[in-house]
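The values are calculated or read from the model by the stated rules, or taken from the named source; none is laboratory data. From a predicted model like this one, the values you see are computed outputs, not experimental measurements. Cβ coordinates were reconstructed from backbone atoms using ideal geometry, including for glycine residues, and neighbour counts include every protein chain displayed.
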């Protein structure tokens, strides 16, 4: 089997990493008027000022698109494309959580690619339609969750399908990622918890995915250890630099690792965003232990490794016992960081489940899950988590 392994993202990592952004934009990338892509919350809390102050010092002009939604749709993309062209921009700087970074990637794609976003759907071979002629982009995460700053995908909900759609290409990888953990200091505890469990899910699902990539396996299992150790501390002490730094690294590690693949947790979680409006990381947190139990029949040995990374003493446990202990450890972690365990605790209604099942079946993430999933399996997993 032929595999392609790639770790190409340039990452500026650490406290104060945002300070050279003006030099990066104006001198290294030679941009004269980038489009800043973000969401209203980043503007309101003053984080965008951290970016614009550096651009002003470097005498770099910019245009602003700050209307990215929490779960981005085409409304987070096409108006941004219009601003890009109207303001004669020559690159992008995205700042925010995964939604802002994904929306910026889609804007970046559309400023040079004429087809509809549906034509770039990875499930439909869309990656072959994406060429290298994309403008430069800097990605600046303000959460430690998606790892989109190093990822090759943008996830956008499309009107044509009504589902979250993965647009994938190595050309979508940002030119530079600026990972400054100090930008996450103000993230509220509930969002720290939810985004942190997104990182945990990426690492766990990447380790379990059927793709062959031992380097990603090593990164993923270490990412699990780091989230287990540092997420409770980051939730409890929002300005703990050690915890915030470790969580930002673990989020990046999860996104690097899931080039190997993801799994059924993500296929179940995506419809929860489009149908129920749930935060993606929160959905992942609740679903993860249920899917781990489902996967135990096919991946008990790997789940035993996950259990050890979660701090379980597995020496006297067989693989099946260790797999169950791993699921319990995730449930205990959720409880520690304040995540309620049932979908209904977060506004999901039982009548939504039949609507979400076909959307979950259409989602490509499940194709690399270690245990195949049928529509009946999807419904049973939703009901188990409900």
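Observations on the model:
- Just one of the listed residues (285, 234, 269, 299) is buried (at least 24 other Cβ atoms within 10 Å of the Cβ) and farther than 27 Å from residue 73 by Cβ, namely 234.
- Residues in segment 359-376 that are at pLDDT 95 or above, over 10 Å from residue 268 (Cα atoms), surrounded by 16 or more Cβ atoms within 10 Å (Cβ to Cβ) and touching a helix residue (DSSP H, G or I) at 6+ places or on another chain (Cβ under 7 Å): 369, 370, 371, 373.
- Search result, residues across segment 230-250 that are under 17 Å from residue 189 (Cβ atoms), part of a helix (DSSP H, G or I) and touching a helix residue (DSSP H, G or I) at 6+ places or on another chain (Cβ under 7 Å): 230, 231, 232, 233, 234, 235, 241, 243, 244, 246, 247, 248
- Condition check for residue 258: within 19 Å of residue 218 (Cα to Cα), assigned to a helix (DSSP H, G or I), outside the structural domain of residue 99 (by TED's automatic domain parsing) and touching a residue at least 12 places away in the same chain (Cβ under 8 Å): yes
- Residue tally, condition more than 20 Å from residue 89 (Cβ to Cβ) and in contact with a helix residue (DSSP H, G or I) (Cβ under 9 Å, 6 or more places away or on another chain), over segment 19-48: 4
- Being within 22 Å of the chain's Cα centre (by Cα) and on the phi > 0 side of the Ramachandran plot holds for only one residue in 338, 364, and it is 338.
- Any hit, segment 117-127, residues being within 16 Å of residue 195 (Cα to Cα) and not assigned by TED's automatic domain parsing to the domain that holds residue 364: no
- Checking each residue in segment 124-138 for being surrounded by fewer than 20 Cβ atoms within 10 Å (Cβ to Cβ) and touching a residue at least 60 places away in the same chain (Cβ under 8 Å) picks out only 136.
- Among the residues of segment 339-358, those that are in contact with a helix residue (DSSP H, G or I) (Cβ under 6 Å, 6 or more places away or on another chain) and either modelled with pLDDT under 95 or under 25 Å from residue 191 (Cβ atoms) (or both) comprise 339, 343, 348, 352, 356.
- Wholly within segment 23-106, strands (runs of 3 or more DSSP E) carrying at least 3 residues that are touching a residue at least 24 places away in the same chain (Cβ under 8 Å) and under 21 Å from the mean Cα position of the chain (by Cα): 92-96
- Residue match in segment 139-158 (condition: buried (at least 16 other Cβ atoms within 10 Å of the Cβ), farther than 30 Å from residue 224 by Cα and in contact with a helix residue (DSSP H, G or I) (Cβ under 9 Å, 6 or more places away or on another chain)): yes
- Residue selected from segment 368-379 under the condition part of a helix (DSSP H, G or I) and free of Cβ contacts under 8 Å to residues at least 60 places away in the same chain, by the criterion farthest from residue 155 (Cα to Cα): 376
- Qualifying residue in segment 241-250 (condition: crowded, with 24+ Cβ neighbours inside 10 Å, closer than 28 Å to residue 72 by Cα and in contact with a strand residue (DSSP E or B) (Cβ under 8 Å, 6 or more places away or on another chain)): yes
- Qualifying positions in segment 85-123 - crowded, with 24+ Cβ neighbours inside 10 Å, on the phi < 0 side of the Ramachandran plot and in contact with a helix residue (DSSP H, G or I) (Cβ under 6 Å, 6 or more places away or on another chain): 92, 94, 95, 98, 101, 102, 103, 105, 107, 120
- Strands (runs of 3 or more DSSP E) within segment 107-185 that include 1 or more residues at pLDDT below 95: 153-157, 164-168
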